[in-house]
Each structure stands twice: as C-alpha cells, then as structure tokens.
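The values are calculated or read from the model by the stated rules, or taken from the named source; none is laboratory data. Just so it is clear, the model here is predicted, and its values are computed rather than measured. Please note: Cβ atoms are built from the backbone with ideal geometry, for glycine as well, and neighbour counts cover all protein chains shown.
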Amino acid sequence: MKDYGSSHPQEQAPPFARKRARGEPEVTHSLRAPSTYFLRAARGAPLESHRRFRSLLGSGAMGKKGKKEKKGRGAEKTAAKMEKKVSKRSRKEEEDLEALIAHFQTLDARKTQVVETPCSPPSPRLNASLSTHPEKDELILFGGEYFNGQKTFLYNELYVYNIRKDSWTKVEIPNPPPRRCAHQAVVVPQGGGQLWIFGGEFASPDGEQFYHYKDLWVLHLATKTWEQVRSPGGPSGRSGHRMVAWKRQLILFGGFHESTRDYIYYNDVYAFNLDTFTWSKLSPSGTGPTPRSGCQMTVTPQGNIIIYGGYSKQRVRKDVDRGTQHSDMFLLKAEDGSEGKWSWTRINPSGAKPTPRSGFSVAVAPNHQTLLFGGVCDEEEEESLEGDFLNDLHFYDPIRNRWFAGQLKGPKAEKRRRRRGRKAEPGGADKQAAKGPSAQEPLEVVREVVSEDGTVVTIKQVLAAPGVAGQLESDDDDGPEEAGVAPVEPSPRSNAMLAVKHGRLYLYGGMFEAGDRQVTLSDLYCLDLHKMEEWMVLVETDPESQEWLEETDSDEDSEEAEGAEGGGEEDEDEEEEEEESGEEGGGECWGTGRRGRGGAWGQGRGPLPRAHSSPPFFW
C-alpha cells in the first residue's frame, strides 16, 4: 500500500471496531481493551446502556408534570457531567495528537501553489466525502481512511473526477485541512461554489487514541483556495455527525466523541449562518431522536429536515457494549418559517421500508426523493456478530411520506431484440434460461479476487431475479429470456460514497467483511435514476490494491525482526490482550464505520461518523 505522501499509518485494532460509529456499522461486544475497538464505536459508536443513555438525554416518559420537569433537568445535568468526563479524559490524548497533527500541517505548509496532476483513480478508502461541483460536471473526493489489517492510513488529499472526460485529477492546494475521515462536506453555490467541511477524526500511530475535530473549513472552488473559518459557539469535536445546507445556513445534527475509556453520542442541533459566519445552537421543541451517529439527514421540498436511522452503542455491563441500529424517522421543522424556532415530530412512513441496518449511504435523487443504498444488517449476540452486507436501493418520497424499493428494469435494447423475435447469441440468454435459475429465483454470482499479498478473497453477489423489475411485464415479455444476462450491480457493501449529478447516481467504494478481513473497495459505478435500467462500471476495483496484513505463520519471521528492534514484546502483549478480550466477550467487529457508521467508519459496528462514517452519507 502506497503512502502517497499524505497517509499516516497507524496500528489498528480488530478490523471491525469503529465503523458503525461514524455512520458505519459498529460492533462492539466485549471491550476488554476498549482502545482497540473504538473504531466501531466512534462512528455511531458506543453509548452508555441504551436505557441509561435515554434517561440521560431525557427522552423517556416521566410521569407527572412536576416530576417530568425535575427529571428532565436532572437528565440534562447528568448528560453535561458525562460530556465533561469524556472531555477531561480525552484532553491529554488530544494534546499528544495535536503535536502530531501540527507536524503534518507543517509538511502541508510547504505547498505554496496549486498543482493539478492527472492521475489514476484514488486508492481504496472509506469515510471520505464525495460531492458534486455546483457549476461543473465534476465530483470532488476529499479525505478518508484505509485499514490494511495492521495500520490505518488517513488522507487529506483532494481528487476531482471529470464526468464527461472520465478522468481523475489530483489537486494540491496550499494550507489544506489536516488529515481526517468521518467528516461532513456540503456544497453551496455561493461565490462560484463552496465546499464546507466540519469535524471528523484523526487517529494516533498505534490506533489507540482519537482526535475529534471541531474545525470548520471552506474550499472556494472558483479560486481553489482553502480557508479555515474560526467562529465561537460551534459544536464540540465529533465524527459520525450529519450536515445539510438549509436556505443560507448549514444545519448539523448528532455524531459521537470518544476517549480511551469513555464515549458519548449526540443528538444536538447547530446552525451556521453563511452570511454572518456565526454558529447558534438550536433548541427544538418536542421529542427528537435519541443520540446517534451515521444517520440519514436530508431536506424536503417544503424546507423541513428528515432524520432517519443511525447507530448508537450502549453499555450493558462492565466492558460489554451493545450496538443499536435505529430505524425511526423524525421531522425537524422551522415553525412559521422562523429560523429561530424549531420543532421535532416523529413520523411513520408507509411503503416498503428498508430493513434495519447501519453503514448505509444516502443521496438526494431527482424529484427531491432521498435515495438509500446498501449498508450492513448485524445479528449481534453477546459473543459474536454476524453482518449481512446489502446492495439494495430504496427511495423515500417526502411528499407522500412513503418508501419505495428501487428495482432495475433492465436495458431496453435487450427487450426490443427479444420482442422482434431475434435469437439470443450462442451461450447467451436462451442458454442461460435453459440451464439457469427460474424467473423467480435470484442469481448468485461468485468471483475471486487475488490481492497483492496473494490472499484470495471471494466476493459473493446476489442479484435480483430475472424479470422481477418491480413493474408488470407485457404479454410479449418472456420471463428469464426477457432479462437476458444477469445485470451488473455493485457488490453488497457498506459505507459507499454517493453523489447525484444530472440525474445520475455515482457510487464510489465502500467496504465489506470476508471473515476477519475488511475489504476496502475503490470501484466507481453509475446509474441513470430517470431510466433505472442498469448500472455502468466506470472503474473496477484493482486486485493489487487489496492489501491485507495479519498475524500468520508466514509473518513470524518479520515479527521477530521487529522484536529485535524493540517492538516485539509490545506486539505480544497486544496479542494477549486481544485474546483475553475474545474469551470474555467475543471481540468486536470493526467494519466500515462501526464506530457509528457516520464516523470514522461511518457504520456503527464500531464511525465515522465515524457513524460513522462515512461516511459515511455524503451530499
């Protein structure tokens, strides 16, 4: 794995740790060595026991009015104490990491001019942000992380994908934000286009300490200049949060923060005014979402804000945390059009709802519908965690308050050919219809990818049944023959990065788990949302980029060599701690964002937003 000069290697805990927190699937079971599993918690990460956490936030029923108000004040006081406790414990850790971050910023300061270099597609990464340029046919990729089984690499690189030319360019701009993942990025049209970035996280070289940013940056797209906007009164440091553009403001919700031993999830709401460059904390009336990270956050045509799903973690007993995949939906509304008064309302949409999951990705589709893709559904027991990765599409219509399953129709050219009575090519659809599955039976495609280190990873992909496109077929449709060759679709994954431009959905990367191994993808797909016919592959995953390092017999020699240099005993201690952790609670799953799936990871099995993260959702 190349460093590209901007990655920072870090020793990492089990591969599934912080993903859920940032908006990724987080899986934290037994935390004998909490620091090694933060990855999961961060992005939607670990919370105190769900019941206790709800009480801390004052979200439960309190009985009589007097008692309700009293307990409400007590809950706020307790929550404040918890946040102070987390902040105090993380202060020293952050001081150590600040020195490291400052070192990298010194290196970045050597850049004095903008340099644009045509390049191959970016290396695999997670919890980056993928945004569309408001005026050009371009996609903008910033930041992210990559985990190879032993180390994590963090990035602050900026890549631009030209849609018309199908080409990538690496853009180096002086004074960029520090390396991070599980942040949030929002594009607004002001001044020729601006990319606003808030928060995210950085990790120490050993992967046991995390620094949560609370800084706000803007990239002026017209002049290609970075600017840090310093404004007091903003949100605390976090990852796995969500942020959207609303009128001439940025609205931010949720996320999580963790230190070596403690963590906290948020459900607070902040607004940043793009005219006055000032922060304000909103205090909506009504009962809102419980603290979480890695949720869905979109703006409706009426100007309301929708919050759906997310991830949080709860402590069920000492050293044991359990994650929660939320599937509730809330409406945040400005009362009477006033920007100062807001209210929460819980809503219950109808239709084909997505199954509970974390690490899903979101984008705004045509007609103001919200598009949800993939994620991972965890079946969690006290000592194990099984995750089913998904590649399904769902659409939420805020006008009708209804979910719809997104199903592909198949290419029209194939349909016309069959209706004209043309015979399929040898070995084509007719042959597959004779030997393949029935029209109602899903197709399973299995392919093997050989990585640079010689490891073979089997990728299993379940495709929709031929002829099942979510619409009635005409009399001259021939079932399996009508479908022809199985459609190309992205493999099941979580924490993919999405962006919509000109009615086309672009999907970049993501991750899935193969046993104890985390596979980070770097492929790029495109789907015309107006036609909903088929996915197009723009960039395939490079097998040589799939590096995975783990402790095996073949690695003993290299480990002994490291021990001779002074690192061997420390590695052995870490191995013993991980084994003890597995004996007591089954270990955690790091996945892509299991920190909160919106956090570093974005999923919640462990963030990025890091919860998750991310990335975790990217707008």
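Descriptive notes on the structure:
- Taken over the range 142-196, residues that are of a type in the set (Lys, Arg) and under 26 Å from Phe253 (Cβ atoms) amount to 2.
Residues checked against (1) part of a strand (DSSP E or B); (2) modelled with pLDDT of 75 or more; (3) crowded, with 21+ Cβ neighbours inside 10 Å:
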position: Gly375; (1), (2), (3): yes, yes, yes
position: Glu386; (1), (2), (3): yes, yes, no
position: Leu390; (1), (2), (3): yes, yes, yes
position: Leu393; (1), (2), (3): yes, yes, yes
position: Tyr396; (1), (2), (3): yes, yes, yes
position: Arg400; (1), (2), (3): no, yes, no
position: Ala413; (1), (2), (3): no, no, no
position: Arg422; (1), (2), (3): no, no, no
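- Positions within the range 272-310 being surrounded by fewer than 20 Cβ atoms within 10 Å (Cβ to Cβ) and part of a strand (DSSP E or B), in sequence order: Asn273, Thr278, Trp279, Ser280, Lys281, Leu282, Ser285
- Among the residues of the range 189-236, the ones that are surrounded by fewer than 18 Cβ atoms within 10 Å (Cβ to Cβ) and in a loop (DSSP other than H, G, I, E, B) come to 13 in all.
Rundown of residues vs (1) at pLDDT below 95; (2) assigned by TED's automatic domain parsing to the domain that holds Val539; (3) in a strand (DSSP E or B), yes/no style:
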{"position": "Glu69", "(1), (2), (3)": "yes, no, no"}
{"position": "Gly74", "(1), (2), (3)": "yes, no, no"}
{"position": "Glu98", "(1), (2), (3)": "yes, yes, no"}
{"position": "Ile101", "(1), (2), (3)": "yes, yes, no"}
{"position": "Leu107", "(1), (2), (3)": "yes, yes, no"}
{"position": "Arg110", "(1), (2), (3)": "yes, yes, no"}
{"position": "Thr117", "(1), (2), (3)": "no, yes, yes"}
{"position": "Leu130", "(1), (2), (3)": "no, yes, yes"}
{"position": "Gly149", "(1), (2), (3)": "yes, yes, no"}
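- Just one of (1) part of a loop (DSSP other than H, G, I, E, B); (2) under 20 Å from Val500 (Cα atoms) fails for Pro356. It is (2).
- Residues that are surrounded by 22 or more Cβ atoms within 10 Å (Cβ to Cβ) and of a type in the set (Lys, Arg) within the range 237-249 comprise Arg238, Arg242, listed in sequence order.
- Test for Val320: is it at pLDDT 95 or above and under 25 Å from Pro356 (Cα atoms): no
- Any hit, the range 163-179, residues being among the polar types (S, T, N, Q), surrounded by fewer than 18 Cβ atoms within 10 Å (Cβ to Cβ) and closer than 19 Å to Asp215 by Cβ: yes
- None of Arg322, Arg317 is within 23 Å of the chain's Cα centre (by Cα) and either on the phi < 0 side of the Ramachandran plot or assigned by TED's automatic domain parsing to the domain that holds Asn348 (or both) except Arg322.
- Residue within the range 361-380 that is in contact with a helix residue (DSSP H, G or I) (Cβ under 8 Å, 6 or more places away or on another chain), farther than 24 Å from Ala405 by Cα and not aromatic (Phe, Trp, Tyr) present: no
- Listed conditions (1) modelled with pLDDT of 50 or more; (2) touching a strand residue (DSSP E or B) at 6+ places or on another chain (Cβ under 6 Å) are all met by Arg595, apart from (1).
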